[in-house]
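The values are calculated or read from the model by the stated rules, or taken from the named source; none is laboratory data. All figures in this text were calculated on a predicted structure; none of them were measured in a lab. Every residue, glycine as well, gets a Cβ built from its backbone with ideal geometry; the counts of neighbours run over all protein chains shown. Heavy atoms of the whole protein, side chains included, go into the accessibility calculation; ligands, DNA and RNA do not. Shrake-Rupley method; radii C 1.70, N 1.55, O 1.52, S 1.80 Å.
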Amino acid sequence: MTLNLRQKHTECITRMLNLNQPVNAGGTANEEVYKILVYDRFCQDILSPLIHVKDLRKHGVTLYFLIDKDRKPVHDVPAVYFVQPTHLNVQRIISDASSSLYDSFHLNFSSSIPRPLLEDLASGTINSESIERIAKVHDQYLEFVTLEDNLFSLAYKNCYLQLNDPSAGDKEIDEIVEKIVSGLFSVLATLAVVPVIRCPRGGPAEMVASLLDQRLRDHLLAKNNLFSEGANFTSSFQRPVLCLFDRNFDLSVAIQHDFRYRPLVHDVLGLRLNRLNVQEDKGGMKSYELDRSDPFWMANWSLEFPEVAVKIESQLGKYKKDVEEVNKRTGGSGGTDFDGTDLVGNTKHLMNAVNSLPELTERKQVIDKHTNIATSLLGEIKERSLDSYAKKESDMLVRGGIDRNELLGVLKGKGSKADKLRFAIIYLISTESMPQSEVEMIEEALRESEIDTSAFQYVKKIKSLNVSFASANSASTSNIVDWAEKLYGQSISAVTAGVKNLLSSDHQLALPRAVEALMEGKPNPENESYLLLDPRAPKSSSASSSGHLKGPFKEAIVFMIGGGNYVEYGSLQEFANRQQPAKHIIYGTTEILTGGEFIEQLGVLGQKMGLGNSGAVPAH
């Protein structure tokens, strides 16, 4: 059994749209009921990549509205609500019910509704004498966004910033961890699996792992729990491993430029929820969807941009050839005329041509779409020298540095402010030891371009702290912790969780390498100290003593706390597909970030620590 998150997520939403009735093989309820769908903005983002308008029609949804918009009453029709369990949403539902907007209300909350809110809902509808309109209340555990079969996001904005904020207290950190655990619990409940949990010790990853372990243990005590269907698999079914990491584990991959098609489209054109807008020649904006319904995207997203351009040209040539073939057979332009003596043969050719038209039209639309996207990308690549940034950053990470003149040439050359800042930070990360004079030279070059250096200063501070920590093995831990808290404003574990990766030269492979070791389950000095938790095992027994819990694993869920990206997702999928037999990896993160968005968070952290200059905030 292979875990397919997109399929499971879609099935849960389909069941919800059909008033939580079982659906038949065609994906619809046995009894067709016309209904209205009401959602909030967060749940709209959950639905958007999975359900299209035509799918809503198939499930009997005739109208759909945002909950915060004014709506007119529609009598004799049930309404399906899909919203987050917030005070504002509950008050709006009470208001809608008391106004008798719809015949009946089927309430679906994206995560478990807290008891105080449930009591507010009950008392509000009783007081307005509308409680009989509330047909059902469901906790759906769907509080995450699935973008592909193996890719999800909790859509939790600025998580890295909030976790690393020097002014954040224990209460704020606990709330962030609780929110992440709630999202991960939803993912596991949707997949109906209880994984073995592994993570590095210290920092947010361990906090999330411990709370998730406890949440799963508490839930499994109930007889009819969300995981009961996954508990009775045959012995051949093996549980997956959930690998939790914190963004500090590897900063470079979140910042660097990449020249592959999907990361490039995301970074440059702003791919969001599998959609993007591209400027047309006439000046208007054209919106495109890039998902599994697009065969060209699915086949070529991992290729370097020049290879994608060649593929588009090849597809266009093939399309023109096929059109010419159809024209010839039907006696169209450039072909032979109809031969009246072979009426049956000509009719047959005509029928074949008519049948092939929809497929040819679809192919032409896909080619036009990717031609427009590639043209738009090419304009940005030329204007900003993005190919040069990607190559030089990759070389730096492999070689551990770059010639000083070449560095200054880039910082004074083409590119946006954000491009130059990202390049400078990658140089800082890739160079193991850097003279102070060189650091000052880079900062001066950035200031000359009116670039705020806060993000650069922040990474420099983490690096100096990590170097000091790594070389201070002889000092007592308590002294280091005291010193770190004075210098940095928070506990050292959150900062030094990724010491090795911040100082190592082999950056790009940090995450796939760690995941490979955890899935193989072989003794490895890098992950030997990783925490191992099994929510199904009795608390008294030491999970680490159970050999079978250390692998090997066929399936893994890899989750990055503090923001992930398509480069990391692509590298994990490539690793999984290279294995014999192929392994299966689902990648998730608190939010999917471009390099520009991530350095904005680094910049704010730098400013909060009083670092950097007060120049312009880097533009995308």
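Brief remarks on what is shown
- Verdict on Pro116 being under 18 Å from Ser182 (Cα atoms) and either outside any helix (DSSP H, G or I) or at pLDDT below 95 (or both): no
- Count of the range 453-468 residues which are more than 14 Å from Ser252 (Cα to Cα) and either open to solvent by 10 Å² or more (accessible area, probe 1.4 Å) or polar (S, T, N, Q) (or both): 8
- Across the range 275-299, the qualifying residues are those that are in a helix (DSSP H, G or I) and more than 19 Å from the chain's Cα centre (by Cα), and the one among them that is farthest from Asp55 (Cα to Cα) is Ala299.
- In the range 314-330, the residues that are in a loop (DSSP other than H, G, I, E, B) reach residues that are exposed (fewer than 15 other Cβ atoms within 10 Å of the Cβ) and not aliphatic (A, V, I, L, M) with C-beta atoms within less than 9 angstrom, at least six apart or across chains, in these pairs: Thr330/Asn352.
- Residue within the range 403-420 that is farther than 26 Å from Leu378 by Cβ and outside any helix (DSSP H, G or I) present: yes
- Residue within the range 535-545 that is under 27 Å from the mean Cα position of the chain (by Cα), of a type outside the set (Gly, Ala, Ser), at pLDDT 75 or above and more than 15 Å from Val194 (Cα to Cα) present: no
- Assessment of the range 358-368 against the conditions (farther than 30 Å from Ala299 by Cβ, part of a helix (DSSP H, G or I) and modelled with pLDDT under 95) yields no matching residue.
- Long-range neighbours under 9 Å by Cβ, at least six apart or interchain, first residue within 15 Å of Leu226 (Cα to Cα) and modelled with pLDDT of 95 or more within the range 5-18, second aromatic (Phe, Trp, Tyr) and surrounded by 21 or more Cβ atoms within 10 Å (Cβ to Cβ): His9/Phe144; His9/Phe152
- Residues being open to solvent by less than 10 Å² (accessible area, probe 1.4 Å) and at pLDDT 95 or above - total across the range 207-239: 5
- Residues in the range 154-175 that are surrounded by 18 or more Cβ atoms within 10 Å (Cβ to Cβ), over 16 Å from the mean Cα position of the chain (by Cα) and touching a residue at least 24 places away in the same chain (Cβ under 8 Å): Leu161, Leu163, Asn164, Asp165, Ala168, Ile173.
- Answer residue from the range 85-113, given it is part of a helix (DSSP H, G or I) and β-branched (Val, Ile, Thr) and is surrounded by the most Cβ atoms within 10 Å (Cβ to Cβ) among those: Ile93
- Residue match in the range 588-600 (condition: at pLDDT 95 or above and open to solvent by 50 Å² or more (accessible area, probe 1.4 Å)): yes
- The helices (runs of 4 or more DSSP H) found entirely in the range 138-241 that carry 3 or more residues being within 30 Å of Val604 (Cα to Cα) and of a type in the set (Val, Ile, Thr) are 170-191.
- Tabulated pairs, the range 570-587, first over 17 Å from Ala510 (Cα atoms) and without any contact (Cβ under 8 Å) to a residue 60 or more places away in the chain, second open to solvent by 30 Å² or more (accessible area, probe 1.4 Å) and not in a helix (DSSP H, G or I), C-beta under 7 angstrom, 6+ apart or interchain: none
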